[in-house]
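Written out below as structure tokens is the structure these notes cover.
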Amino acid sequence: MPPMTQLVMRPDTRSPLEAFVACAHQMLDPATPESARRAIEPRLLAQLPALRALGVFELFELRSPALRAWVQDELAGLEQELGAHHG
């Protein structure tokens, strides 16, 4: 498998799924500096509402246990937030 190259994000040219995958690859890459991870995190989080609405997480499972747990926690927070706004 060829090594992953760092992807440059252009928010207006990527679908939510493409943006999420690009961010996730960078977050999981041990060579990514912590400062870059902190910058990537909000971009990754910004994709979650669209991906949840599309049902992506019902169709696919994230293979990284740490990323999967983190995304599940964030999605649970979104569900609580949505419930608070509609309840």
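Do we find that residue 68 is charged (D, E, K, R) and within 14 Å of residue 20 (Cβ to Cβ) in this structure?
When the stated conditions are applied, residue 68 passes them.
Tell me which residues, restricted to region 16-63, are within 21 Å of residue 76 (Cβ to Cβ), surrounded by 13 or more Cβ atoms within 10 Å (Cβ to Cβ) and not aliphatic (A, V, I, L, M).
The answer is 16, 20, 23, 41, 43, 47, 49, 52, 57.
Among (1) modelled with pLDDT of 95 or more; (2) in a loop (DSSP other than H, G, I, E, B); (3) not β-branched (Val, Ile, Thr), there is one condition residue 2 misses while meeting the rest; what is its number?
Every listed condition holds for residue 2 apart from (1).
The values are calculated or read from the model by the stated rules, or taken from the named source; none is laboratory data. Just so it is clear, the structure is predicted and the values come from calculations on it, not from any experiment. Here Cβ is always computed from backbone atoms with ideal geometry, including for glycine, and neighbour counts include all displayed protein chains.
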